[in-house]
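**Student:** The structure that follows is given in the form of structure tokens.
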Ligand SMILES: Cc1cc2nc3c(=O)[nH]c(=O)nc-3n(C[C@H](O)[C@H](O)[C@H](O)COP(=O)(O)OP(=O)(O)OC[C@H]3O[C@@H](n4cnc5c(N)ncnc54)[C@H](O)[C@@H]3O)c2cc1C
């Protein structure tokens, strides 16, 4: 809880979810001077509300709370071709949010300068050189900055031109051993019967327990029952599991924006800085953001340490941004089924190259090579539609 009568803090983290808590963690480990940090969240943040996965070929900050990892990934095409790839030296890692919240809060609570308050944020304002946040528990002031991970990102749920990654997932425990915990199923497109990009995502963590997520990359959301029915049908079709053969342990759902903001990148001169999903940290073409958020926030803290206040906070290289815009347009246009693009990529390239590409770690030459392995016509049409305004060249 905040100290009695204290209402001014060096930094305020508005939202103590994945991005807010990660930033507090890096600030706490850094040489950035601060008198106090306040983390505000309306929720208690101790539940298993999310599963975060990421891939890496390095040691990453939160590997100690990884529940399970895989060195092999299955890829299933619509036409029933199934390939199991080794992704070494990468591994695909899974973190349960409740373990992560516990780990990070334990770490942060050891520092008396870091305080938490559970309340609803109502808005933000400025007074002179101070930024303020209004909450149901009163007003708090930041002498340095407010980091906002609660504001909505421009992505309208009802707008079918605004792509979303939407899914419902069930973790089930089968009555008998049936899964292979050595390999995850990143994409199972055998279920992709509509023109939207849809697939099943399967993460077996033991021979009896697995998470199944029916996922769409599309503009139109579905009723919850639809995703659940799809999962149940898949369990019968792919594993022969009838409802009596398993128990549902957990359920999760998400709607992740797959849109890109036209806002100028912020820099650290700004008093209220958006981070996390609010700050556009989600990779629009994949919906992944856990590892990107860690990388961006570490860089942001290093910039504060070095006084590099002009450095843009959320920058993706223009060419990468342009490729993402084109791919999103291909998914919106649906002139080709989304699965065809992923199938071409995975059938014609090494998985390690694709994983580096999706993490924006490939060179421009590798990007150009990858572009030659996707169906050309829909991409050219999409690039034409986006128009010259978005070409990745300097504008006057
Ligand atoms: C179910 C699910 C699974 C996901 N899986 C993956 C994955 O496998 N890999 C990956 O890379 N990404 C994944 N993502 C995407 C992304 O990593 C997460 O959404 C991530 O939690 C985003 O971090 P964030 O801090 O921006 O938002 P959040 O973690 O949601 O944090 C925002 C916080 O703000 C608080 N808040 C909101 N409004 C208010 C208010 N008015 N007042 C006070 N507090 C408020 C919320 O309680 C919340 O704690 C997943 C998303 C979901 C929903």
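The values are calculated or read from the model by the stated rules, or taken from the named source; none is laboratory data. Keep in mind the model is a prediction, meaning the values are calculated, not measured. Reconstructed Cβ throughout: ideal geometry from the backbone, glycine too, with neighbour counts over all protein chains shown.
**Student:** Give the residues of region 19-43 that are within 8 Å of the ligand (Cβ to nearest atom), in contact with a strand residue (DSSP E or B) (Cβ under 6 Å, 6 or more places away or on another chain) and part of a helix (DSSP H, G or I), sorted by residue number.
**Tutor:** 20
**Student:** Among residues belonging to region 320-339 that are closer than 20 Å to residue 79 by Cβ and without any contact (Cβ under 8 Å) to a residue 60 or more places away in the chain, point out the one that is surrounded by the fewest Cβ atoms within 10 Å (Cβ to Cβ).
**Tutor:** 335
**Student:** Please list, ordered by residue number, the helices (runs of 4 or more DSSP H) wholly in region 285-360 having 1 or more residues that are within 16 Å of the ligand (Cβ to nearest atom) and either within 24 Å of residue 275 (Cα to Cα) or not assigned by TED's automatic domain parsing to the domain that holds residue 216 (or both).
**Tutor:** It comes to 290-305, 318-333, 351-358.
Okay, residues lined up against (1) within 26 Å of residue 296 (Cα to Cα); (2) in contact with a strand residue (DSSP E or B) (Cβ under 7 Å, 6 or more places away or on another chain); (3) assigned to a strand (DSSP E or B):
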position	(1), (2), (3)
139	no, yes, yes
144	yes, yes, yes
152	yes, no, no
158	no, no, no
170	no, yes, yes
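**Student:** So residue 269 ticks every box in (1) outside any helix (DSSP H, G or I); (2) within 16 Å of the ligand (Cβ to nearest atom); (3) over 29 Å from residue 199 (Cβ atoms) but one. Which box is left unticked?
**Tutor:** That leaves (2) as the condition not met.
**Student:** Further question on the same structure: So which residues in region 118-134 are within 10 Å of the ligand (Cβ to nearest atom), part of a strand (DSSP E or B) and surrounded by fewer than 18 Cβ atoms within 10 Å (Cβ to Cβ), if there are any at all?
**Tutor:** Scanning region 118-134 gives 118, 122, 123.
**Student:** Please go through region 49-85 and pick out each residue that is within 10 Å of the ligand (Cβ to nearest atom) and assigned to a loop (DSSP other than H, G, I, E, B).
**Tutor:** Of everything in region 49-85, those that are within 10 Å of the ligand (Cβ to nearest atom) and assigned to a loop (DSSP other than H, G, I, E, B) turn out to be 49, 50.
**Student:** Now a separate question. Touching a strand residue (DSSP E or B) at 6+ places or on another chain (Cβ under 7 Å) and either under 25 Å from residue 142 (Cβ atoms) or at pLDDT below 95 (or both): which single residue out of 110, 118, 96 fits that description?
**Tutor:** Result: 118 is the single residue among 110, 118, 96 that is touching a strand residue (DSSP E or B) at 6+ places or on another chain (Cβ under 7 Å) and either under 25 Å from residue 142 (Cβ atoms) or at pLDDT below 95 (or both).
**Student:** Looking at 87, 114, 121, which one is in contact with a helix residue (DSSP H, G or I) (Cβ under 7 Å, 6 or more places away or on another chain) and within 28 Å of residue 273 (Cβ to Cβ)?
**Tutor:** Every option except 114 fails the conditions.
Conditions (1) modelled with pLDDT of 95 or more; (2) within 15 Å of the ligand (Cβ to nearest atom), marked per residue:
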residue: 157; (1), (2): no, yes
residue: 160; (1), (2): no, no
residue: 170; (1), (2): yes, yes
residue: 215; (1), (2): yes, yes
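**Student:** Could you say whether any residue in region 132-147 is over 30 Å from residue 81 (Cβ atoms) and in the same structural domain as residue 227 (by TED's automatic domain parsing)?
**Tutor:** No, that holds for no residue.
**Student:** Now, a different point. Conditions first: (1) touching a strand residue (DSSP E or B) at 6+ places or on another chain (Cβ under 7 Å); (2) at pLDDT 95 or above. Residue 293 passes all but one, so which condition is the exception?
**Tutor:** The number of the failed condition is (1).
**Student:** Name every residue in region 229-252 that is loosely packed, with under 15 Cβ neighbours inside 10 Å and closer than 23 Å to residue 76 by Cα, in order of residue number.
**Tutor:** Selection gives 229, 233, 236, 237, 240, 242.
**Student:** A follow-up question, please. What are the residues in region 197-219 that are surrounded by fewer than 19 Cβ atoms within 10 Å (Cβ to Cβ) and closer than 26 Å to residue 157 by Cβ, if any?
**Tutor:** Within region 197-219, 201 is the sole residue that qualifies.
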